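Here is the structure we will look at, set down as structure tokens.
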Amino acid sequence: MNDKVLNTLEYNKIINMLADKATSEPGKKKCLELKPSADLSEVTKLQQETFDAVGRLLRNGSVNFGNNKDIGASLLRLDKGSSVNAVELLNIAGLLENTARVKSYGRRAETKSEVPIEGDPEGIDSLTDMFTALEPYTQVSTEIRRCILSEDEIADDASGELRNIRRLKRVTGDKIHTRLNSMVNNTYKSYLQDSVVTMREGRYCIPVKAEYKGNVPGMIHDRSATSSTFFIEPTEIVNLNNELRELDIKEAKEIEVILATLSAQCGEHTEEIRLNQVLLTELDHIFARGQLALDMKATRPDFNREGIINLKKARHPLLDKKKCVPIDIRLGDNFDLLIITGPNTGGKTVALKTLGLLTLMGQSGLMIPANDHSRLSVFDEVFADIGDEQSIEQSLSTFSSHMKTIVDILDKADKHSLCLFDELGAGTDPVEGAALATAILERLHESGIRTAATTHYSELKVYALRKEGVCNASCEFNVETLSPTYRLLIGVPGKSNAFAIAGKLGLKDDIIESARDKIGEADESLEDVLAELEKARRMLEEEQLAIDELKKEADSLKSDYEAKKAKIDKQREKILEEARDEALEVLTKAKEDADEAIRNFQKHGTIQDMEKMRAGLRDSINKIRSEKGGGIGAASKEEKRTENKASDFKLGESVRIISMGLTGTVNSLPDSKGNLFVQCGIMRMQAHMNDIEFLESVDITGPGLNTGGKSKSRGAGGKSSGGSSGYGISTGLNKASSISMELNLIGCTTDEAIPKLEKYLDDAYLSHLESVRIVHGKGTGALRNAVWNQLKRIKYVKSYKLAEYGEGDAGVTIVVFK
């Protein structure tokens, strides 16, 4: 990509913003070197890395690469077996520690507790391999930190020898200070300029007055500027100072040994440390791109090589995002040449720069400040002729400088280029400029080069209207407020608005009318057409806004309706489920009581025992009513007792005892008190005639519960009231004479067959049959399997098997009762 367009479109300012987001010097340097790529695969890779960095920043926060310093020279010396100094070792330790922190940060996004990364539930993304390749070598950095406390200080514990040397230095120093303090305070007190101990050339001295220098035996190391004071090393401490000097030399040599040992440890891992630095620099660069994207509220564009651009709500990244008006820009789908017109300061140049700069950013791996799924094309070159390039030194006018740039663009541009022109053909005679601009754009259009140009020439508007593959666009201007709205309108040619603006600013009408008379009829007609088009566009836009508002309101109402419906459905299902559970509980309990009563009566029951059972059942029913508010088959709390007459009753008529919820037949007519007997299965119940409800029909079958059909109560006045039949208890005695030895289930589905099978087996068992035949046929075996699965669950079934050959074999099952 040519450097000129990078400066013209202010790409370098974006790069400086990017460098500010990096946290290490090598990272900042790499950011400043970032240039757009023309390789689609490379651009896609860069964009994916930036996208993944944004995801990690949102999930785990920022990461710092500050200790990543350029240690290339140090590593080169280590490769050759040389030692490095303490500062360099500390830089290596800092880099390794930074490596450990960054590697730990990388692991966070890969744990299952984190939000899964888009496209990979395991948290693996394009950065995972880089984080994995980092090698912290914690033992090396820990050893360096243990031995080197700062750039100027080596720890006493760096080695045993160093610790011993420093201990001897302290002892020797204490001896020297003791003797010198004695001299200063006693022996030579009157000869001294000050009662202090000082150091010259690494040796301890005392300050002696010049006139007494002969009275203090020793070596003179220095004198004051006025020669009034001589710094003398007393003879008594010369040997001690020599010992201290020797210890200093030993200490320096031991420090060299320690640094050489640490350097050797680092030298074993120079390649890995070098790779760590490269990876940290690259990650710093990538996360700087991610942080810049977050600051700009940018998104990842979709790329292509077909030259198609579709920017949705794009913003120029150097403008204040709170004030910048987003624009939509399209190019390369239905047209490859976009001509933008409109008033000065209306946003034409900003739109042109936005198009070019976002293209450069996208091809550099930077996200762009635009809405999701904006589209950009990867171009080999971007050319731009924007701004005034007048040069006094080269004797170039504005027109000449622009034309020089345009000639260069025409020579180099091809179908894989993007060309941008601001005020094409300006700076010369308007007629010639318009003709020249038209010819230049015509050549670019014929070559299939994606081009966008701004202009004030009406001839170019007409050219765009007439030429296929060329589209007009305009920057909207509000004549009422005399200010641009900065909205870019694709497909709408711009209007100059010069007369309207002049009138608003106070120019007299007669002058404006005179100006109108001076423009050509064709130009005036074009302006009128444009005005009508603009008026129609505004009306359509207002109508569309109203439609959008209505649609939004409808969507909101629909959402509310669906939410309420879902809530009602949920409540309904809950109520039904509770009712089913309650019904099942009541039915199960009643069936168990009925079965128990029949078994007891068949074994050794009497009428008195049955009356006791009846009373117990009635108590149970009343208890259920009081607890649950009435159950299935039981009379409703609000059900009223009927008003029957004795003449209404006939022997054998089907009735229901309301208070007990039992069905049966009239066994005796009412007496003088209104009492009568009802045969309920094997039990003969006494009830009052007003506690009786007449039934249209009832099937007193089965050993358990009979939910019957609809009933009809014949009360006073012949009125009827609907209700459900109550629980019936099977007679068993009547069934014994009519029960069949065989149940034919052929033709039934499994769902239909199982209830029939269960009822039939109950009847057969209560009728004291020893065995029965279940005919299910051969078929696919599904019905037989369902029958056998049901037989396994029935406790009173002793055994079952397939019939013998000639008796139905595999199509019949023989069931034997206990």
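Counting charges near Val816 (Lys, Arg +1; Asp, Glu -1) among other residues having Cβ under 13 Å from its Cβ returns a value of +3.
Taking amide H positions as modeled 1.01 Å from N, with prolines and chain starts lacking one, the residues under 5 Å from Asp222 and 5 or more places away or on another chain are Phe231. Among the aspartates and glutamates, which fall within straight-line cross-link reach of Lys297, defined as a Cα-Cα distance under 19 Å, with same-chain neighbours fewer than 8 residues apart omitted? Cα-Cα hits under 19 Å: Asp20, Glu49, Asp52, Glu118, Asp320, Asp328, Asp372. Extension gain, Gln193 to Glu33, is 51.2 nm, computed as 0.36 nm per intervening residue step minus the present C-alpha separation. Modelled spin-label separation between Glu432 and Tyr561, with each label point placed 7 Å from Cα along the Cα-to-Cβ direction: 6.9 nm.
For the cross-link pairs Lys792/Lys818; Lys415/Lys467; Lys28/Lys322, which exceed 24 Å when the distance is taken from alpha carbon to alpha carbon? Each step should come with its number before you reach the end.
Numbers: Lys792/Lys818 13 Å; Lys415/Lys467 19 Å; Lys28/Lys322 28 Å.
Beyond 24 Å between Cα atoms: Lys28/Lys322.
The length gained on full extension between Asp809 and Glu256, counted as 0.36 nm times the residue separation minus their Cα-Cα distance, comes to 188.8 nm.
A simple spin-label model places the labels of Asn667 and Lys552 7.8 nm from each other, with each point 7 Å out along Cα-to-Cβ. Across region 171-312, Cα pairs under 8 Å and at least six residues apart give a relative contact order of 15 percent.
Over region 4-74, accessible surface divided per residue gives 45 Å², non-protein components excluded, 1.4 Å probe.
Which links in Lys35/Lys323; Lys313/Lys353; Lys35/Lys321 stretch past 22 Å when you go from one Cα to the other?
Lys35/Lys323; Lys35/Lys321
What's the local net charge at Asn667, with K and R +1, D and E -1, over the other residues with C-beta under 13 Å away? It works out to a net charge of 0.
The mean accessible area for residues of region 148-285, using a 1.4 Å probe and ignoring ligands and nucleic acids, is 54 Å² per residue.
Of the heavy-atom accessible surface of region 114-261 (probe 1.4 angstrom), what whole percent is carbon and sulfur?
The value for region 114-261 is 48 percent carbon and sulfur by accessible area.
The values are calculated or read from the model by the stated rules, or taken from the named source; none is laboratory data. Computed from a predicted structure; not experimentally measured. Please note: Cβ atoms are built from the backbone with ideal geometry, for glycine as well, and neighbour counts cover all protein chains shown. Keep in mind that these areas ignore ligands, DNA and RNA; they rest on the heavy atoms of the full protein, side chains included. Shrake-Rupley method; radii C 1.70, N 1.55, O 1.52, S 1.80 Å.
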